[in-house]
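The values are calculated or read from the model by the stated rules, or taken from the named source; none is laboratory data. From a predicted model like this one, the values you see are computed outputs, not experimental measurements. No Cβ is skipped: glycine too gets one built from the backbone with ideal geometry, and neighbour counts run over all protein chains shown.
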Amino acid sequence: MALWVLHVDMDQFLAAVEILRRPELAGLPVIASPLGVNRDILERSGAGRAASTPDEWAHALAELCADRALRAQLGSRGRAFCQTHYSVAAWLPTWLAILEEVRSV
């Protein structure tokens, strides 16, 4: 097992892990419990469906499974939202300002 780990392409591995954590980065629709920040992101992004109960989860899954165009639309919205709000390009000015502030201390 350890030998296999040594040969893993870490960039691909980290990208896969990030997709599991944030499926909208891969252009996939999201179903999430409407708790905390999930609710805000779902409302702002339009990237998926909120589900609290087993029936709501089943309904959301059935809706997405049945409608390829809806999956594509929600996934596209999520990817655009992430690129606009969470990408390196979106955060670079903030990071540079922080580094400049630290440098000048």
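Can you name every residue in the stretch 33-65 that is assigned to a helix (DSSP H, G or I), surrounded by 11 or more Cβ atoms within 10 Å (Cβ to Cβ) and out of contact with any Phe, Trp or Tyr (no Cβ under 9 Å at 6 or more places or on another chain)?
Within the stretch 33-65, N38, R39, L42, E43, E56, W57, A58, H59, A60, L61, E63, L64 meet the criteria.
Which residues, taken from the stretch 66-105, are among the hydroxyl-bearing types (S, T, Y), over 13 Å from S45 (Cβ atoms) and part of a helix (DSSP H, G or I)?
Passing the criteria: only T94.
If a residue must be of a type in the set (A, V, I, L, M, F, W, C) and modelled with pLDDT under 85, how many such residues does the stretch 23-36 contain? Spell out how you get there, then give the answer.
Step one: list which residues in the stretch 23-36 are of a type in the set (A, V, I, L, M, F, W, C), which gives 25-26, 28, 30-32, 35.
Right, trim to modelled with pLDDT under 85 and you get 25-26, 28.
Residues flagged as of a type in the set (A, V, I, L, M, F, W, C) and modelled with pLDDT under 85 within the stretch 23-36 amount to 3.
When you check S45 against the structure, is it closer than 17 Å to H85 by Cα and not aliphatic (A, V, I, L, M), yes or no? Working first, answer last.
Values: closer than 17 Å to H85 by Cα: yes; not aliphatic (A, V, I, L, M): yes.
It is true that S45 is closer than 17 Å to H85 by Cα and not aliphatic (A, V, I, L, M).
Please specify each residue of the stretch 6-22 satisfying the condition of being modelled with pLDDT of 55 or more and either of a type in the set (G, A, S) or part of a loop (DSSP other than H, G, I, E, B) (or both).
Across the stretch 6-22, the qualifying residue is only R22.
Which is under 18 Å from P34 (Cα atoms) and small (G, A, S), of A66, A97, A51? Let's see the steps before the verdict.
On the way: A66 fails: under 18 Å from P34 (Cα atoms); A97 fails: under 18 Å from P34 (Cα atoms).
Sole residue among the options that is under 18 Å from P34 (Cα atoms) and small (G, A, S): A51.
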